[in-house]
1. Which of the lysines could be linked to LYS49 by a straight reach, that is with a Cα gap under 16 Å, when you skip same-chain ones fewer than 8 residues away?
2. Please get the size of the charge dipole for the range 1-124, origin at its Cα centre, with Cβ charges of +1 on Lys and Arg and -1 on Asp and Glu, quoted in debye to the nearest 20.
3. If the reach is capped at under 13 angstrom between alpha carbons, list the aspartates and glutamates near LYS136, excluding any in the same chain fewer than eight residues apart.
4. Determine, for each peptide in 108-119, 161-172, 92-103, the mean count of other beta carbons within 10 angstrom over its residues, then list the peptides with the highest first.
5. Taking loop as defined by DSSP and a crowding limit of 16 other beta carbons within 10 Å, which trypsin sites (Lys or Arg not before Pro) in the range 45-76 fit?
6. Any idea how far apart THR14 and ALA74 come out in nm if each label point goes 7 Å out from Cα toward Cβ?
7. Once the dipole of the chain is set up with Lys and Arg at +1 and Asp and Glu at -1 on Cβ about the Cα centre, which of LEU101, MET1, THR12 lies farthest towards its positive end?
8. Note down the nm distance, to one decimal, between modelled labels 7 Å out along Cα→Cβ at THR177 and at LYS30.
Amino acid sequence: MSKSLSIIVGSTRTNRLGHSIAEWVGEQAKAAGFDSVELLDLKEQNLPKFDTPVPPQYAPVDSDEARAWGEKVASAEHLVVLTPEYNQSIPASLKSAIDYLSSEWVDKPTAILGYGYMGGAASARKHLADILGFLKTDLVPETAGVQLGEATVVDGTFAGSGVSADEVAAVQNVLSTLASK
Ligand SMILES: Cc1cc2nc3c(=O)[nH]c(=O)nc-3n(C[C@H](O)[C@H](O)[C@H](O)COP(=O)(O)O)c2cc1C
């Protein structure tokens with residue numbers, strides 16, 4: 001059966017590395033058994049800062065942007081949520097986008113990948129696992145991180161060739177587990 005993957009690009013800032021890291025994750029996903037990959041880029045979704053009178057658990061957020069975002073997540077077969085680490089956690093752009101939705105997350109086959117300069121975003125990945133667990137996604141228990149540094153950021157650009165063999169194996173393991181769901 002054909003397997004499709006949607007990768008949520010969690011950072012939105014100017015000069016972010018997130019988009020090129022997501023493209024690299026997409027290549028890894030093809031190697032791990034996914035037939036098609038699309039990026040769900042939060043910069044393109046252009047969601048205003050979360051602000052709704054009723055929590056989304058009780059009523060969907062009533063705006064065109066929120067509906068478009070909700071349909072993308074609801075129709076995704078498998079999700080990777082790709083997060084950088086900002087101040088030991090996930091960026092506000094990603095938390096706000098997660099908060100917009102509720103039922104769309106439930107039972108969604110999902111994996112977490114991160115990147116950062118300290119410990120491959122271990123702290124952000126842990127926070128994200130707590131959030132997505134609370135929302136009852138069907139979460140791959142293992143997460144994996146990419147260490148940013150001299151090997152992986154060259155002239156301000158992400159270099160996938162610099163990712164260590166151990167990290168590639170960990171990313172492959174997470175993606176293979178996700179593909180098996
Ligand atoms: C506001 C801010 C806070 C950061 N805090 C951390 C941190 O706590 N741990 C870490 O490893 N890297 C931290 N970094 C470095 C980022 O992980 C790195 O800049 C990464 O490229 C950010 O992802 P992006 O380029 O997709 O925005 C921080 C960066 C920013 C902008």
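1. LYS95
2. On the way: 10 positive and 16 negative charges, 66 e Å.
Dipole of the range 1-124, to the nearest 20 debye: 320 debye.
3. GLU104, ASP107
4. Working: 108-119: 22.5, 161-172: 14.9, 92-103: 19.1.
Ranking, from highest mean packing down: 108-119, 92-103, 161-172.
5. Numbers: sites: LYS49, ARG67, LYS72; in loops: LYS49.
Here the trypsin sites (Lys or Arg not before Pro) that fit, given the DSSP loop and packing criteria, are LYS49.
6. 3.6
7. Value: LEU101.
8. 2.5
Values quoted throughout were computed directly from the atomic coordinates according to the rules given, and no laboratory measurement underlies them. Here the structure is a predicted model, which is why all the values come from computation and not from measurement. Counting neighbours? That spans all protein chains shown, and the Cβs are built from the backbone with ideal geometry, glycine included.
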